[in-house]
Amino acid sequence: MSQEQQDQNVLNIKNLHTGFLINDELHHAIVDVNFNVKPKEIVCVVGESGCGKSVMSLSIMQLLPKINSKISAGEVLFNGENLVQKSEKEMNQIRGKDIAMIFQEPMTALNPVFSIGWQMREILFNHLDITKQEANHKAIDLLKQVGISRPEKILNEYPHQLSGGMRQRVVIAMAIALQPKLLIADEPTTALDVTIQAQILELLKDIQNKVNMAIMLITHDLGVVAEMADRVIVMYAGKIVEEASVVDLFTQPKHPYTQSLLDSIPKMDQTTDKLNTIDGVVPSLESMPEVGCRFTDRCPKAFGDCPLVTPQLAKVNNDHYARCLLYDECYSKETSYAKEVENV
Amino acid sequence: MEPSTNQTVQLAPPKKKSLSQWGIARKKFVRNIPAMASLIFLFVVTALSMSASLLSDIDPSRINPRLVEVPPSAEHWLGADSAGRDIVTMLLYGGRTSLLIGFSCMTIIITIATIIGTISGYYGNIVDSILMRFTDFMMNFPFLIFVIVLQAIFVDSGVLALILVISLLSWTGAARVIRSKVMSEKENEYVLSAISIGTRPSKVMIKHILPNVMSTIIVQATLLLAAMIVAETGLSYLGFGVPVGTPSWGNMLQAARDPGTFENLWWIWLPPGLLITLTILSINFIGEGFKDAFNPKSKK
């Protein structure tokens, strides 16, 4: 990819490593993550619980607890500026204004003691120099945009008076208040029931079209991915294992993990007693294998090299990347050399 | 979408204003009869004490040999003590001292406790360690001995010294409670969400977290008020509190240390004792009322 193209990306993540201190040792929750988000694009990040999806979103926002976590290497380039090196003060200018975030739990993402109006005004006051009146007008506008009927009334209400779907709409209204260039949505519909889910996703897509922002959608629901994504990133145990356009991913998944994920979706036309699952769990941070593929233990296609050789993320098709030793491209130069030596 | 006329549902008229959590708490508190009665009682006691000089034209510290130990009469409703001072007048002026000490100590303590507890809980880590070790250190002071020593040093400085001494030694418990509440409160997603919209950490602490722990602070403050009045009376009873010349409920109780007075002259010690008990009781009822009002699970 040329430098020029890179500059156009909203977000460029390069070689990101984020770790947590456990018993004074740094254990990486995210290893060597590289990807980018183009303007107006919806990128979905998929993976099981514990794969590092949320840690990645918090790394982008620089919201990780400083006490026990650390971005040990890599860059998060937002519009060409490295966020990792920004001071807390500079980040406060960016948070909410250029990058906004929607959290998973609309029940707790709003402060229970303040009215909706107060909280919506807060984000406006944080970044704009406006009067309370203007802020109220803007808040009403925003609430209308997210499909809340009687916004004037909602403004004076408190979070506990709203339903989950309404609260998530309010959270979205706050997130889009300053027309951010990037919206990070961390499982925005997980806590909602299915009908509301569909509405919220529809709303996000709608708004994205209107205000021209890029969305990084974190989810573990492949249905959501199919509905929303332009491009999909599959993560496993802190690493990207596959990256492809949404069509490619669903029609020809390359990595066994992705294949297993797709197999795990219940199908209406199938009559089976048992649903397909992936055996085992994601290894914990302390028990992460040093070398080899991290999916080996659970992989139906694992073979001799898997626990020994660490696969690299490599291009296996047009704009389709995977990290699996089934594809020769994924042997890095050194490791493939090691393999040859061993074979001799 | 146009709703057709025959399908419109008659909605209940909307309430004028939505109730905040504070509004709900207030409503619950007002409905709590013991708490409201206590509040009124405390208010009356405070008002009477405050207007002591208007209600009685007798000088509370004037010694009158002709009135020594007179029993209650029409002129002196509760009689006079062994120095011939009118009991009712002393109760009024004494209430002024006792309540002043109680309220001032409570204000100072809750301020210190809130600042230390909130900073400690919010910033955590090293800040927390330092502040909490300091708190432990303060906690380990033997209260009574320390007060007695300090009172011996500042022997003539009166009520102000007592307030400061009691306050400096009593904020630790409340600080710990507030700290733990802040620690659990800051894990809530709304804190992260506030930071993610570009709110400064100091502002998050003061504007987002503090209002959410305010209920704890208020309950702590009420309990402290009761405890501080008890502390004052206790110390004064022992002779280490308010200077002897100044009337206070605790000082009045001192008379009961004399067995003869205790057996025969009930009007000297019973009224201040009763008043202390009722005041403490009412403050505790108010505290319970606050606790109930702020607890979303209580059904009152």
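The values are calculated or read from the model by the stated rules, or taken from the named source; none is laboratory data. Source: prediction; values computed, not measured. Don't worry about glycine lacking a Cβ; one is built from the backbone with ideal geometry, like all the others, and counts go over all protein chains shown. Surface accessibility is based on the protein's heavy atoms, side chains included, excluding ligands, DNA and RNA. Shrake-Rupley method; radii C 1.70, N 1.55, O 1.52, S 1.80 Å.
Taking the Kirkwood radius as Rh and the Cα radius of gyration as Rg, the protein assembly as shown has a ratio of Rg/Rh equal to 1.14. Summing charges over neighbours of A:H28, with a neighbour being any other residue whose Cβ is under 10 Å away from its Cβ, gives +1 when K and R count +1 and D and E count -1. Solvent-accessible area per residue in the protein assembly as shown equals 50 Å², computed with a 1.4 angstrom probe and all protein chains kept. What is the angle, in °, between the Cα long axis of helix B:87-123 and the longest principal axis of the Cα atoms in chain B? Nearest 10 is fine, range 0 to 90. Approximately 30 degrees, to the nearest ten.
Between helix A:194-211 and chain A there is an angle of about 80 degrees, using the helix long axis and the longest principal axis of the Cα atoms.
The ellipsoid that matches the Cα gyration tensor of segment A:210-285 has semi-axes, each √(5λ) in whole angstrom, of 23, 18, 12, with the longest given first. Solvent-accessible area assigned to carbon and sulfur over segment A:156-288 amounts to 50 percent, based on a 1.4 Å probe. Residues of segment A:104-121 whose accessible area, computed with a 1.4 Å probe over protein heavy atoms, drops by at least 20 Å² once all protein chains are present relative to their chain alone are A:T108, A:A109, A:N111, A:P112, A:V113, A:F114, A:W118. For segment B:118-171, the C-alpha radius of gyration sits at 1.43 times the compact-globule guess of 2.2 N^0.38 Å, with N the residue count.
What base-10 log of the normalised intensity I(q)/I(0) is obtained for segment B:25-108 from the Debye formula, alpha carbons as equal point scatterers, at q = 0.14, 0.17 Å⁻¹? Once normalised to I(0) and log-transformed, intensities are -0.61, -0.78. In chain A, the calculated helix contribution to ellipticity at 222 nm averages -9500 deg cm²/dmol per residue, counting -39,500 (n - 2.57) for every DSSP H run with n ≥ 4.
Considering chain A at the alpha-carbon level, its Rg and Dmax are found to be 21.5, 78 Å.
The charge dipole of the protein assembly as shown, taken about its Cα centre with unit charges on the Cβ of Lys, Arg, Asp and Glu (plus for the first two, minus for the last two), comes to roughly 1900 debye.
Take the Kirkwood radius over Cα pairs of segment A:30-89, plug it into Stokes-Einstein at 25 °C and 0.890 mPa s, and you get 190 µm²/s for translational diffusion. Applying the Karplus relation 6.51 cos²θ - 1.76 cosθ + 1.60 with θ = phi - 60° to segment A:112-122 yields 3J(HN,Hα) values of x, 8, 10, 6, 4, x, 4, 6, 6, 5, 4 Hz, where x marks Gly and Pro. Ordering of B:278-286, A:307-315 by packing is B:278-286, A:307-315, highest average first (other Cβ atoms within 10 Å, averaged per residue). Diffusion coefficient of segment A:110-178 by Stokes-Einstein, Kirkwood radius over Cα pairs, 20 °C, 1.002 mPa s: 184 µm²/s. The mean count of C-beta atoms from other chains within 10 Å of the C-beta of residues in B:19-26, rounded to a whole number, is 3.
Heavy atoms of chains B and A lose about 2400 Å² of accessible surface on contact, summed over both sides with a 1.4 Å probe. Near the amide H of A:G292, within less than 5 Å, lie the amide hydrogens of A:V309, A:T310, all on another chain or at least 5 residues away, with H placed in the peptide plane.
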